[in-house]
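First comes the structure, then the notes that go with it.
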Amino acid sequence: MSQRVSPEQTRIGWIGTGVMGASMCGHLLEAGFQTTLFSRTKTKAEPLLARGATWADSPLAVAAKSDIVFSIVGFPADVREVLLGENGVLAGCRAGSVLVDMTTSEPSLAIEIAAIASKQDVTSIDAPVSGGDVGAKNGTLSIMIGGDQAIVEALAPCWEAMGSNWVCQGGPGAGQHTKMVNQTLIGAGMVGICEALLYGYRSGLDLERVMQSIASGAAGSWSLSNLGPRIIDGNFDPGFFVEHFIKDIGIVLAEAKKMNLALPGMALAEQLYLALAAQGHGRKGTHSLILALAQLSDIDWKARS
């Protein structure tokens, strides 16, 4: 694949229609790409099917009808099953096909998949994203890519449909390593955001007014501007599930251990998020961390008003 892909010549496959995947696939449909999709829960795919996508009964069947197959699922075990399993994507790929996994997963697994795919003359690219449900809906995701530079550039129309920023970081696994840098920043940053809002609340400040002062200053960040208001409102609908973020933190710490790298901040974040999940909030958004931290100071965050 040396030329840029186009809706007129390229058939897209899509696997995974969760919180982010459905919107991302929708943008490719809007761009005009003929799309075949599979999801474990077909009802979640119904809106995309109504917009013109075609259903397939397995990842293998998706691959058989596609030139490029995108996947975004939950956990590394899901990635392994969907891509390498008996009815997985690689079992249905033809020579020259491209596989793009956008799940946040293990760098070592991305490298393994790329090596196996290359034996079938299939190119595998790891391309995890950041931006949450808002970025997915708005097509403004940041896409971190590992894989063959020429193939990555040929897929530019796809990246541009889903995101506002895409960068090839290097070979297989480099996209996943970059996402781990991203998750390290988010993990430590969310602890700071939640502690700051708790401080503001306990000191008697109006948190909406506090946000007017701090969001555009040196303490500002995407998470503060986009998730801070949700925290204040008690809206913990997931842009990214707590249980998935615990998975990501585990990957960060495992990779750090391999590199003899100490990350005490992330180790603390892992404990706090594990406590949050133990309190029954695993399917809430990552910003619900405020609930676990509030409990430490005997604050009922939802009932504070």
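We did not get these values from a lab; they are worked out from the coordinates using the rules stated. The structure presented is a predicted model; accordingly, all values stated were derived computationally and were not measured. Note that we place each Cβ from the backbone using ideal geometry, even for glycine, and neighbour counts take in every protein chain shown.
Note that segment 11-171 shows a convex hull volume over its alpha carbon atoms of 93 Å³ per residue. Label points 7 Å out from Cα along the Cβ direction at N165 and I116: separation in nm? The modelled label-to-label distance comes out at 3.3 nm. Pairs from the list K137/K302; K42/K179; K137/K247; K44/K257; K137/K258; K257/K302 with a Cα-Cα gap above 31 Å: K44/K257; K137/K258; K257/K302.
Its relative contact order, with pairs defined as Cα atoms under 8 Å and 6+ residues apart, puts the chain at 14 percent. Charged neighbours of G171, selected by a Cβ distance under 12 Å, balance to -2 (K, R count +1; D, E count -1).
In a reduced charge model with +1 at each Lys and Arg Cβ and -1 at each Asp and Glu Cβ, the chain shows a dipole moment near 240 debye about its Cα centre. Residue-wise HN-Hα couplings along segment 49-59, as the Karplus relation 6.51 cos²θ - 1.76 cosθ + 1.60 with θ = phi - 60° gives them from phi, are 5, 5, 8, x, 6, 10, 7, 10, 8, 6, x Hz; Gly and Pro carry x. Scaled against 2.2 N^0.38 Å for its residue count N, the alpha carbon radius of gyration of segment 84-180 is 1.04.
Would you mind classifying segment 178-303 by shape? Square roots of the alpha carbon gyration tensor eigenvalues, ordered a ≥ b ≥ c; an a/c under 1.5 is rounded, otherwise it is prolate if a/b is larger than b/c and oblate if not. It is prolate, given that a/c is not under 1.5 and a/b is the larger ratio.
Here's the picture: a label point sits 7 Å out from the Cα of W222 along the beta-carbon direction, and within segment 232-252 the residues with their amide nitrogen under 13 Å of it are 240. Each Cα pair of the chain feeds into the Kirkwood radius, which the Stokes-Einstein equation turns, at 10 °C and 1.306 mPa s, into a diffusion coefficient of 79 µm²/s.
Any idea what the relative contact order of segment 178-303 is, in percent, if you count C-alpha pairs under 8 Å spaced at least 6 apart?
33 percent
Quotient of the Cα radius of gyration of segment 131-185 and 2.2 N^0.38 Å, N being its number of residues: 1.11.
Annotation: extensible slack from A188 through S6 equals 61.5 nm (criterion: 0.36 nm per residue apart, minus Cα-Cα distance). For segment 13-55, applying the loop criterion from DSSP together with a ceiling of 12 other beta carbons within 10 Å to the trypsin sites (Lys or Arg not before Pro) yields R51. Beta-bridge orientation, segment 11-171: approximately 10 percent antiparallel, per DSSP, counting only bridges with both partners inside. Here the dipole of segment 178-303 is about 280 debye; that uses its Cα centre as origin and unit charges on the Cβ of Lys and Arg (positive) and Asp and Glu (negative). The alpha carbon centroids of segment 60-103 and segment 254-305 are separated by 32 Å. Rounded to the nearest 5, the antiparallel percentage of DSSP beta bridges internal to the chain is 15%. The slack in the chain from L205 to S297, taken as 0.36 nm per residue of separation less the alpha-carbon distance, amounts to 31.4 nm. Of the GluC sites (Glu not before Pro) in segment 67-146, the ones in a loop by DSSP (not H, G, I, E or B) with at most 14 other beta carbons within 10 Å are E86. When the Gaussian network model of the chain links Cα atoms closer than 10 Å, the mean-square fluctuations of S288, S108, S71 top out at S108. Extents of segment 109-265, taken as max minus min of Cα coordinates on every principal axis and listed largest first, are 63, 38, 27 Å.
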